[in-house]
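Since the structure comes first, as structure tokens, the remarks are kept for the end.
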């Protein structure tokens, strides 16, 4: 072996040594549990595919799957719309105000989802501040059933996911050269045309990242729907929890987990055509 | 872009309030006099803080949370920093592959991770053990540490380390005097994030806690699902205070690097 080759081999050995501890944790804490679940999902006493067949054929489970997808879609679209509007407003604010609003956007990321959801339980209550506010404005006569119902879950989830929508959209918008917008306006384009033909295409990647992130996270959401939702708002993650803790049916729990994982991977795979996967980490 | 008009300002302010107020709404209730939770509280008192700190199970939950968070922070920063330095030495293809593996826990649904870890921990007898929960939280925090340190490692000029070893410094001395000072902000930032991630985490903790290692979020989760008193609001407020301290420290660290 020549000197260059020896140096290369040495370099690879050092790299492997440095990577080993973290890789061991990922292997034990991430890869092994997923393999265990995959094996469990085929271990139903009624046959290897019985658990998957049950998930696909029993009506209740199909409703849960539909609930999960509808909820994820509604929540993602709402987060994206609000996130885009606020990002546009952020761009136009003076630096001082922008910093304050931006701090408000990222603060919730530090605070436990459980605490935020608990807060919403108190706000959305039948006699809670939101219902009293709506009644005081004369918008409603009777308190709305917000808590333990779809609106409550949707509001709570949008609130949790909003930062994940705003950060990539705002990042994309702030990369746009303001001269382009001035040029478009200067050449006689209306504000709507500038928005549609300049702003929107140039922020497309940010929007795609935001859409991927919010949809991906809302598919697997557990804490917020479990605490804010009613019996008819069961999502796939709550179903998995009940398979494990109430029905003690491991094959079914594992098969549902594999299904959810496959859905998440499908979203990433689909998004990967438009968004480089590394962009997902920009948000963290 | 045209500067913001009054409407835009009002819209931004309203939305910012709608984002922040619900996060902090629980805090006033920790100082409520009543024994039920209703916003806004009618009378003020600190008696629920006395109840919280007079209850051994809440204290133990708080201490368990701090212990698990500190251990996962330590473990993820050491292994994550080592991994980030290792990734730098790989070829581009291997590096992309390894980075992808590290990012896995970020994109997998947390309930799937929780159930998988629970299944594995049951067969290994690790349910209700501190080490099981610490490993799980370390796995969850690793991507953030690797990314954070990775950013500072990428900004490192390799010629500096080369010069140091050329001048006769041992590899350990090169690390200590050249590499470490420049990646320290990344390590601190990643470490703070790892601590807060573990301290805030509830789903993995609920599945792995067993009866013996209940963290603060696990206790809150159990209370909230049955019947809740303002003690829960005190516990939630303690979590908010810790998170705000964490975010302030995080800002301080990143400002120093910028």
**Item:** Contact order normalised by residue count of chain A, Cα under 8 Å, 6+ apart, percent
**Value:** 27 percent
**Fill in**
What helix-only [θ] at 222 nm does the protein assembly as shown give? Using -39500 (n - 2.57) per DSSP H run of at least 4, over all residues, to the nearest 500, the answer is -24500 deg cm²/dmol
**the range B:153-167 and the range A:66-82: distance between their alpha carbon centers, rounded to Å** = 49 Å
**Request:** Compute the long axis of helix B:180-200 from its Cα atoms, compare it with the longest principal axis of the Cα atoms of chain B, and write down the angle in degrees, 0 to 90, nearest 10.
**Result:** 30 degrees
**Fill in**
In nm, the gap between the two label points placed 7 Å beyond Cα toward Cβ at residue B:248 and residue A:242 is 4.4 nm
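Just want the ordering: A:10, B:106, B:139, A:263, from fewest to most Cβ atoms lying within 10 Å of their own Cβ.
Details: A:10 11, B:106 16, B:139 27, A:263 20.
Going from sparsest to densest Cβ surroundings: A:10, B:106, A:263, B:139.
Enter the mean number of other protein chain beta carbons within 10 Å of the beta carbon of each residue in B:58-65, as an integer. Spell out each step's value before the answer.
Values: counts 0, 0, 0, 0, 0, 0, 0, 0.
Counting other chains' Cβ atoms within 10 Å and averaging over B:58-65 gives 0.
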**Fill in**
Place a point 7 Å from the Cα of residue A:133 in the direction of its beta carbon; the residues of the range B:34-51 whose amide N falls under 17 Å from it are B:38-41
**Fill in**
Output row, site residue A:232, 7 Å Cα→C-beta label point, backbone N cut-off 19 Å, window the range A:43-67, residues A:59-67
**Complete:** Between residue B:78 and residue B:156, the two model label points (7 Å from Cα along the beta-carbon direction) sit apart by a distance in nm of 1.8 nm
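For A:158, B:151, B:115, what ranking results if the residue with the fewest other Cβ atoms within 10 Å of its Cβ goes first? List each step's numbers first, then the result.
Working: A:158 23, B:151 16, B:115 30.
With the sparsest Cβ surroundings first, the list reads B:151, A:158, B:115.
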**Message:** Using Cα-Cα distances under 8 Å and only pairs 6 or more residues apart, what relative contact order does the range B:7-123 have, in percent?
**Reply:** 10 percent
**Request:** Specify whether the C-alpha gyration tensor of the protein assembly as shown places it in the rounded, prolate or oblate class, a ≥ b ≥ c being the square roots of the eigenvalues: rounded for a/c under 1.5, otherwise prolate if a/b is larger than b/c and oblate if not.
**Result:** rounded
**Prompt:** Distance in nm between label sites at residue A:81 and residue B:176, each 7 Å beyond Cα in the beta-carbon direction?
**Reply:** 6.1 nm
**Message:** Can you tell me how the range B:57-257 classifies by the Cα gyration tensor, rounded, prolate or oblate, using a/c under 1.5 as the rounded cut?
**Reply:** prolate
**Message:** Based on alpha-carbon centroids, what's the gap between the range B:23-96 and the range A:89-132 in Å, whole number please?
**Reply:** 19 Å
**Request:** Please report A:59, B:157, B:55, B:200 as a ranked list, fewest other C-beta atoms within 10 angstrom at the top and most at the bottom.
**Result:** A:59, B:157, B:55, B:200
**Request:** Let me know the shape class of the range A:59-283, please: from the alpha-carbon gyration tensor, a ≥ b ≥ c as square roots of the eigenvalues, rounded when a/c is under 1.5, otherwise prolate if a/b is greater than b/c, or oblate.
**Result:** oblate
**Complete:** Percent relative contact order for chain B, counting Cα pairs under 8 Å at least six residues apart, stands at 30 percent
**Message:** On C-alpha positions alone, give me the angle between the axis of helix B:230-257 and the longest principal axis of chain B, in degrees, nearest 10.
**Reply:** 30 degrees
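We did not get these values from a lab; they are worked out from the coordinates using the rules stated. It should be emphasised that the depicted structure is a prediction, and the values quoted were computed from it without experimental measurement. Because the Cβ atoms are built from the backbone with ideal geometry, glycine has one as well, and the counts that use them run over all protein chains shown.
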